[in-house]
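Peer 1: Here's a structure for you.
The values are calculated or read from the model by the stated rules, or taken from the named source; none is laboratory data. All values reported here derive from a predicted model rather than from experimental measurement. Note that each Cβ is placed from the backbone with ideal geometry, even for glycine, and that neighbours are counted across all protein chains shown.
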Amino acid sequence: MSKRRIGIEIGSSQLRLAQFSGQGDSLQLERLCQLARDPQRPLAEQLTSLLERRLGFADRLLAVVPALQGYVRRLEFPFSDPRKVTAAARMELQSRLPLDITDHQLALGPLQAEGTGCSTLVASVPVNAVAAALEPFDAAGLPLQQLGLTPLSQAAVLARWIENGLMVLAHEQQLHLALLQHSQVVTTLSSTLPQSSTEHLARHLEQQARRLCHANRCPLPALYLLGDGCEAQLSDALRRIDLNPQPLPLPPAPADGPPLSTALLPVCLAALQDGEAAFNLRTGAFAPRHSLGRLKKHLIGGALLLTFSLLAAGSAALLELRHKQQLAQTYQQQLTALFRQTLPPGTAMVDADLQMRNATEQLRQISQQVGLDTSNSALALLRELSRLAPDDSSLRLTRFTYEEKDIAIDGSANSFDRVDRLAAELRKSPLLAAVRIADAKMALDGQQVHFRLQLTPTAGKGS
């Protein structure tokens, strides 16, 4: 089963879904869905029916909440440690806002290095708004891994592909502008979408865009339109006032689904949120724990079941082993009793033929060792060694080891050539099948070569 990223948007009158598969550059848009909300049915039931199948273990469910319910400020810090920034963000944001944010949930964007410190966008959303956004998913039993913030989360996704641009999100009666510079979200501007003609809306967008760019001292970049309020007529009206909107670099829509309209673009970007770079509100008290809790319960149950199974199998094996030991002991006692009944104690019977064969074998082994037979005895091999050894006063044999199939000779000579000559002479003996120089090394004084010869007797003549 491939990993899926599923974005869900709960609008005032529509439910929208975008489903992607794969990861990195291999993302594929698999499914788009848009359904009208039914006021007669529970929202949790409608969310469940929106999914084709149950979520897998590797699937990620993502959503966003509108930014008009919170506040966004850019904060500067004299340090760049993410943990320190997270700890100091609430106190710093409180000094920038004219209201108490004790009951607000914070969401931080990616840190931007500035000298020895950093800056980042920090969003503050009331806790009750976050809880209201999570309630339908909790009621439906859907594990929502990430809850982003419009338009910051969509702009953070768009910044992966666009270095400089202006995202215009006209959606659900709200108008959001997000300025992107150097693949970073610089600032945003949010307001209610004006109810006016297309031409008037285009002029309003131009004013807001130029105002935002002038405040950040940058030229007006390319525009990227998304949302149900950005229809084709709005793009034409913007082109007539020298503003040229650009298409979003998203994968093509699936052939068996609805077309990729501007109304579905926000939920597509919501599905592509990155946990490390997006503005995630599912932290702290709202961190996703229910899916982990279910997994923990399954793991604990499986571990207990496995433990009981191992205990039962071990007990059964011990009982079976004990039963077999008792059975074997009983059979042993029965055999002993039967043997004593059949052969009562008395004079031990002697097998004369067996004793004679054993004595003959012992005599043969003794005669072989002292050289009384014609086999490869130790005495015969010593005679052969004396006959074949070169007449050299520098050659000394210090040790002769004789075993049944292994014969070794240790000694010393004044050169390696004399060791090779001794080995060559011994190979001429018919009593030896092989002669091998097992070891030969020069002594520390450099005048003697200590060696060890390994001799193999001829097969068929040894004991």
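Peer 1: If ALA88 satisfies all but one of (1) loosely packed, with under 14 Cβ neighbours inside 10 Å; (2) out of contact with any helix residue (DSSP H, G or I) (no Cβ under 9 Å at 6 or more places or on another chain); (3) farther than 30 Å from GLN23 by Cβ, what's the number of the condition it fails?
Peer 2: (1)
Peer 1: Continuing with this model, one more query. If the Cβ limit is 7 Å and pairs must be 6+ apart or interchain, which residue in the range 6-21 that is without any contact (Cβ under 8 Å) to a residue 24 or more places away in the chain pairs with which residue that is among the polar types (S, T, N, Q) and in a loop (DSSP other than H, G, I, E, B)?
Peer 2: Taking only residues 6 or more apart or on different chains, the pairs are SER21/SER2.
Peer 1: Sticking with this structure for a sec: Are there any strands (runs of 3 or more DSSP E) wholly within the range 1-97 with 2 or more residues that are more than 21 Å from PRO258 (Cα to Cα), and if so which?
Peer 2: Numbers: elements: 4-10, 14-21, 28-36, 60-66, 71-77.
Hits in the range 1-97: 60-66, 71-77.
Peer 1: Is it true that ARG239 is under 21 Å from LEU179 (Cα atoms) and either in contact (Cβ under 8 Å) with a residue 12 or more places away in the chain or over 46 Å from the mean Cα position of the chain (by Cα) (or both)? Reasoning before the result, please.
Peer 2: On the way: under 21 Å from LEU179 (Cα atoms): yes; either in contact (Cβ under 8 Å) with a residue 12 or more places away in the chain or over 46 Å from the mean Cα position of the chain (by Cα) (or both): yes.
So ARG239 passes the test.
Peer 1: Here's something else I'd like to know. Within the range 406-418, does at least one residue satisfy the condition of being touching a Ser or Thr at 6+ places or on another chain (Cβ under 8 Å), basic (Lys, Arg) and not in a loop (DSSP other than H, G, I, E, B)?
Peer 2: For the range 406-418, residues touching a Ser or Thr at 6+ places or on another chain (Cβ under 8 Å), basic (Lys, Arg) and not in a loop (DSSP other than H, G, I, E, B): present.
Peer 1: For the range 297-307, does any single residue satisfy the condition of being at pLDDT below 85 and part of a loop (DSSP other than H, G, I, E, B)?
Peer 2: No, the range 297-307 contains no residue that is at pLDDT below 85 and part of a loop (DSSP other than H, G, I, E, B).
Peer 1: Then there is this: Out of the residues in the range 170-182 that are aliphatic (A, V, I, L, M) and more than 38 Å from the chain's Cα centre (by Cα), state the one that is nearest to GLU206 (Cα to Cα).
Peer 2: Initially, the range 170-182 is screened for residues aliphatic (A, V, I, L, M), giving 170, 175, 177-180.
From what's left, more than 38 Å from the chain's Cα centre (by Cα): 170, 175, 177.
Working: ALA170: 13, LEU175: 13, LEU177: 11 Å.
Step by step, filter the range 170-182, then rank; the result is LEU177.
Peer 1: What number of residues in the range 4-40 are exposed (fewer than 12 other Cβ atoms within 10 Å of the Cβ) and either at pLDDT 90 or above or among the polar types (S, T, N, Q) (or both)? I'd like the intermediate steps shown before the answer.
Peer 2: Let us first name the residues in the range 4-40 that are exposed (fewer than 12 other Cβ atoms within 10 Å of the Cβ), namely 12-13, 23-26, 36, 39-40.
Those still in the list that are either at pLDDT 90 or above or among the polar types (S, T, N, Q) (or both) too: 12-13, 23, 26, 36, 40.
Qualifying residue count, the range 4-40: 6.
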